[in-house]
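One structure is given here, and the rest of the page talks about it.
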Amino acid sequence: GAVVSQHPSRVICKSGTSVKIECRSLDFQATTMFWYRQFPKQSLMLMATSNEGSKATYEQGVEKDKFLINHASLTLSTLTVTSAHPEDSSFYICSARGKGGVWDTQYFGPGTRLTVL
Amino acid sequence: SQKIEQNSEALNIQEGKTATLTCNYTNYSPAYLQWYRQDPGRGPVFLLLIRENEKEKRKERLKVTFDTTLKQSLFHITASQPADSATYLCALDKGQAGTALIFGKGTTLSVSS
């Protein structure tokens, strides 16, 4: 099956620093990548949708200047949390969707646990 | 706005029994409904997808039903095992390129031996 990787799996940083999370589709071309955030015992909340080569579309309430998304190629998207604060501590998960097809589904990365001190 | 509910946060059953999880939704017309498994500290893993014109889908010990009139999906795990213990998420899918899944909060299943 399709594989999506995320790096790093876990990161601890000081308040005010920036953190970059990479999401890669390893064996398929991801025309669209999605970034989700999940707080403990909560659902996955969509943050933004990014299509290769174009600007990301952010969900309401998500600050685009704080969560910078770059989808430079069909296999790589990055999420940069700028000037991170403790309230940004969460589990960040990316997913990738290939080119259209009836059975096309989203494949999820293993997630990145961000802890901001 | 669309709303998706999974009937309970937690479900405890004994090994060998059938687990039944419920997913209800409102204000949405999904083309597909998907079920995922999520283990602690891990990303969701795809299990089954069922289309709006399908009533039932099976995969090994898993069975999913989809009733678009009731706006409900049922997810069954037969002959449950302790290894089935995890959080199960249902997700609505418009089935269009570029659209994201909308997830429920999940039901945490615990299977005791």
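The values are calculated or read from the model by the stated rules, or taken from the named source; none is laboratory data. Since this is a predicted model, take the numbers as computed values, not measurements. Don't worry about glycine lacking a Cβ; one is built from the backbone with ideal geometry, like all the others, and counts go over all protein chains shown. We work out accessible area using only protein heavy atoms, side chains counted, and drop any ligands, DNA or RNA first. Shrake-Rupley method; radii C 1.70, N 1.55, O 1.52, S 1.80 Å.
Listing for the model above:
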item	result
Per-pair calculated FRET efficiency, R0 = 25 Å: B:Arg61 and B:Ala31 via Cβ, rounded to 0.05	0.45
R0 of 35 Å, Cβ-Cβ distance B:Ser113-A:Arg113: FRET efficiency to nearest 0.05	0.75
For the pair B and A, total buried accessible area rounded to nearest 100 Å², probe 1.4 Å	1800
Choice from B:Leu47, B:Leu70, B:Leu92 showing the highest fluctuation, given a GNM over chain B with Cα pairs closer than 10 Å	B:Leu70
Spin-label model distance (nm) - B:Lys105 vs A:Glu52, 7 Å beyond Cα toward Cβ	3.8
Distance in nm between pseudo-label sites at B:Thr68 and B:Glu52 (7 Å out along the Cβ direction from Cα)	0.5
Dipole-positive endmost among B:Thr108, B:Tyr25, B:Ser8 within chain B (Cβ charges, Cα centre)	B:Tyr25
GNM top mover of B:Tyr28, B:Tyr36, B:Tyr88 - chain B, alpha-carbon springs below 10 Å	B:Tyr28
Gaussian network model of chain A, Cα within-10 Å springs - most flexible of A:Ser50, A:Ser95, A:Ser73	A:Ser73
Accessible area per residue in Å² at 1.4 Å probe, computed on chain B	49
A:Met45 versus A:Glu87: modelled label distance in nm, points set 7 Å from Cα along the beta carbon direction	1.0
For B:Lys17, distant residues with modelled amide H under 5 Å away	B:Ser80
Within straight-line cross-link reach of A:Lys64, aspartates and glutamates at Cα separation under 18 Å, skipping those fewer than 8 residues along the same chain	A:Glu22, A:Glu52, A:Glu87, A:Asp88
Rounded to 5, the percent of DSSP beta bridges in the protein assembly as shown classed as antiparallel	90
Sequence-distant lysines (8 or more away, or on other chains) whose Cα lies within less than 16 Å of B:Lys55	B:Lys63, B:Lys71
Förster-model FRET efficiency, 41 Å R0, B:His76 and A:Asn70, C-beta, rounded to 0.05	0.50
Cα centre as origin, Lys/Arg/Asp/Glu Cβ charges: chain B dipole, Debye	160
Proximal charge balance of A:Gly61 [Cβ under 15 Å; K/R count +1, D/E count -1]	-2
